[in-house]
Amino acid sequence: MSRPETRLNAAACSEAEWEQRVQLAACYRAFVHYGWTDSIFTHLSARVPGEPGHYLINPYGLLFHEISASNLIKVDFDGEVVAGAYPCNEAGHAIHTAILRARPDVNVVLHSHTRAGMAVSCMRCGLLPLTQQSNELRDLLCYHPYGVATGNDDECTRLGRDIADKRIMIMHNHGLLTVGFDVAEAFYFMYETENACKVQVDVLAAGKDYVVPEPEVLDELARYGNERAGGGDADVARVWDAVLRLLDRQDPSFRD
């Protein structure tokens with residue numbers, strides 16, 4: 001039997017929280033558009049502005065195209081749902097609170113199980129310096145030997161330790177994770193990482209020798225990528241604004 005859905009009215013929360021809800025719901029719909037979903041699994045989160053210890057995440061059981069600003073659930077760092085009619089995914093809670101606790105400078109965490117991302121996460125070589133996108137991400141990337149997060153305090157501690165000051169994490173044998181000051185930044189790094197992984201899978205599948213840029217080019221591209229991190233980058237904002245326009249044309253119900 002379907003669970004009755006309770007939606008939060010915009011008047012029931014602060015203007016800042018409602019805007020965060022709209023932004024995060026848009027990101028869920030963007031994951032649908034770009035083919036980054038995994039049934040009801042994986043999760044995207046954002047801190048609730050002005051409410052330390054509370055974050056927004058998907059209602060566990062809904063597909064990403066069903067998520068809107070009003071049905072996102074609000075959860076505290078102890079895993080209790082404080083607003084919303086659905087439960088929270090336990091693994092999602094463990095992963096997201098581990099990162100949010102460790103990184104007070106970031107407000108958004110995105111996690112994916114895409115085919116290309118999982119494929120590269122299984123490669124001992126990691127993300128190779130093959131494309132402009134992968135090379136821009138060089139200094140923003142870390143790796144994590146993933147374990148089962150649910151009920152595992154040690155695993156959560158390692159997640160927080162391994163993310164350090166990076167923006168992108170490849171979780172071995174599992175998938176991708178990106179963080180950002182806002183939804184725009186976290187989405188941008190997920191988009192770049194996912195594309196870099198897709199190309200790497202294609203190149204390695206071709207079985208041909210590949211070209212790697214000269215060291216000075218790699219350094220320059222990494223500097224370029226570093227400038228994107230931290231929030232406020234104009235091109236990152238332009239990318240996200242374009243995604244919002246696309247989503248509004250397709251189905252603006254994420255704003256409801």
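Quick note: the coordinates plus some simple rules give every number you see, no bench work behind them. Only a predicted model underlies this, so the values are computations on that prediction, with no experimental measurement involved.
See the values below:
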{"read-out": "Under 12 Å from Lys166, Cα to Cα: aspartates and glutamates that are on another chain or at least 8 residues apart", "value": "Asp105, Asp139"}
{"read-out": "Among (i) 14.1; (ii) 16.2; (iii) 13.4, the entry derived from the coordinates for mean projected area of the Cα convex hull in nm²", "value": "(i)"}
{"read-out": "Cα long-axis angle, helix 153-163 against the chain (0 to 90 degrees, to the nearest 10)", "value": "50 degrees"}
{"read-out": "The chain - percent relative contact order, Cα under 8 Å, separation 6 or more", "value": "20 percent"}
{"read-out": "Folded to 0 to 90 degrees: helix 15-34 orientation relative to the chain principal axis, Cα", "value": "50 degrees"}
{"read-out": "Degrees between helix 215-226 axis and first principal axis of the chain (Cα, 0 to 90, nearest 10)", "value": "10 degrees"}
{"read-out": "Convex hull projection area averaged over all views, the range 117-210, Cα basis, nm²", "value": "6.2 nm²"}
{"read-out": "Computed over the range 4-141, Kirkwood Rh from alpha-carbon pairs, angstrom", "value": "16.0 Å"}
{"read-out": "All lysines inside 21 Å of Lys208 as judged from Cα atoms, apart from same-chain residues fewer than 8 positions distant", "value": "Lys198"}
